[in-house]
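Some notes on the structure that comes next.
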Amino acid sequence: MAMSASTTAPVQRAGRFWNVEQPTCGGLQCHGNGKCVNHGVATVCECRLGYTGEFCRDTVNEALSIPLSLGVLGCIIGVVLLAFLFAKLRQKRNAQIRKATDEAKERLKLEGEWA
């Protein structure tokens with residue numbers, strides 16, 4: 001865990017200067033996902049959109065990754081199954097049309113109307 005550095009700065013109190021340790025923002029404190037801000041004696045990370053936590057390490061959608069992945073996978077499987085079902089129904093329909101055409105040709109041949 002990266003900690004912030006501190007600097008010694010002169011602070012005037014009661015007419016005298018005192019050296020007081022003030023925390024400063026370290027380069028890695030917010031892990032590049034936020035902005036480190038000094039608030040007097042404390043430093044805090046103001047996280048960018050999508051990040052949370054004391055040092056902006058946690059993502060907001062981290063808890064959604066598994067359900068989201070499963071949902072996308074379910075949609076893909078559903079589309080594949082629908083495509084397979086459509087192909088099978090079309091194949092069956094084409095077979096029925098061929099059979100009806102063959103029966104009609106056979107009937108016309110028997111009746112002498114098919115050359």
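Only the coordinates and a few stated rules stand behind these numbers; no lab work does. As the structure is a prediction and not an experimental result, all values here were calculated from the model.
Tabulated data
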{"read-out": "Amide H contacts of Lys35 (H built 1.01 Å from N, under 5 Å, at least 5 apart or other chain)", "value": "Glu46, Cys47, Arg48"}
{"read-out": "Partner lysines for Lys109 [C-alpha distance under 21 Å; skip if fewer than 8 residues away on the same chain]", "value": "Lys99"}
{"read-out": "Karplus-derived HN-Hα couplings along region 72-84 (A = 6.51, B = -1.76, C = 1.60, θ = phi - 60°), whole Hz, x at Gly and Pro", "value": "5, 4, x, 5, 5, 4, x, 5, 4, 5, 5, 5, 5"}
